[in-house]
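These notes are about the structure you will find just below.
Since every read-out is calculated from the coordinates, none of them should be taken as a lab result. Here the structure is a predicted model, which means the values were calculated and not measured. For neighbour counting, all protein chains shown are included, and Cβ atoms are generated from backbone atoms with ideal geometry for every residue, glycine included.
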Amino acid sequence: MQFLTHRKILTVLIVAMPLAPLRGYAQEQNHLQLSSQKIEAGLIYNFLKYTAWPREKLPGPSSPLAVCIFGTEDPFSGFLQPIEEGTFHQRAVKLRFISSVAESDKCHMIFIGADEKAQWPALRKFLANKSVMTVGGFDGFSRAGGMIEFSSEDNRIQIWLNVQAVSEAKLHIYDSLRRLAKVTHPSSTREPE
């Protein structure tokens with residue numbers, strides 16, 4: 001009888017031991033995902049801080065900066081929420097979720113995540129010359145005309161900056177932000193300048 005109990009314990013250990021590293025790997029991947037969301041939210045904070053919009057995009061001295069996320073899901077898991085507690089260029093910040101292209105021109109900055117990639121061509125066309133900073137979370141965003149792209153290389157977040165798109169939108173990005181990014185051009189390969 002005691003032999004049977006030891007045998008059951010041994011069987012459970014043999015079955016469970018190979019699964020333990022997988023569970024650790026899954027927890028590590030979840031931690032990396034949360035860390036990247038937190039870092040990207042912090043980067044968006046800095047994008048606001050080191051960008052100047054033309055006067056016509058800021059109608060009055062008390063008008064807030066609208067930071068929009070295109071889609072209904074929060075790709076930042078709430079880490080971007082504290083941005084509403086700060087001010088940038090003496091302006092309050094409002095975080096909004098939008099789901100239609102027509103709403104996007106009311107934004108100062110818009111984030112388009114990988115789950116909304118199919119909407120990017122329509123958004124790009126609609127936002128042409130409207131002074132809205134576009135930030136994308138999918139590969140190829142900056143080469144497809146987006147301004148700032150988050151990508152991941154070797155478990156590190158990379159920032160790609162399309163200076164042509166920024167210039168066409170009449171935005172000014174300060175050098176402190178430019179130094180963080182690799183410069184890309186529309187339809188180019190990933191060779192940073």
| task | For LYS94, list the lysines whose Cα falls under 18 Å from its own Cα; do not include residues on the same chain fewer than 8 positions away. | result | LYS49, LYS57, LYS106
| said: If amide hydrogens are placed 1.01 Å from N in the peptide plane, which non-local residues have theirs closer than 5 Å to the one on MET147? | reply: THR134
| task | Compute the convex hull volume of the Cα atoms of segment 122-170, divide it by the residue count, and report the result per residue in Å³ as a whole number. | result | 63 Å³
| message | Restricting to DSSP loop positions (anything but H, G, I, E, B) with no more than 11 other Cβ atoms inside 10 Å of their own Cβ, which GluC sites (Glu not before Pro) remain in segment 134-175? | response | none
| Whose amide H sits under 5 Å from the amide H of THR184, counting only residues 5 or more places off or on another chain, with H placed in the peptide plane? | LEU161, ASN162, VAL163
| Tell me, what ³J(HN,Hα) does each residue in segment 98-115 have, in order and in whole Hz, if you take phi through Karplus 6.51 cos²θ - 1.76 cosθ + 1.60 with θ = phi - 60° and put x for Gly and Pro? | 10, 10, 10, 4, 4, 7, 5, 6, 8, 8, 9, 9, 9, 9, 10, x, 4, 5
| task | Enter the mean projected area of the convex hull around the alpha-carbon atoms of segment 66-193, in nm², rounded to one decimal. | result | 7.9 nm²
| query | In the calculated pair distance distribution of segment 55-134, what percentage of Cα-Cα distances lie above 21 Å? | reply | 27 percent
| query | Any idea what the dipole of segment 43-124 comes to, in debye rounded to 20, about its Cα centre with Lys/Arg Cβ at +1 and Asp/Glu Cβ at -1? | reply | 360 debye
| field | Rel. contact order, % - alpha carbon contacts under 8 angstrom, at least six apart, segment 71-193 | value | 16 percent
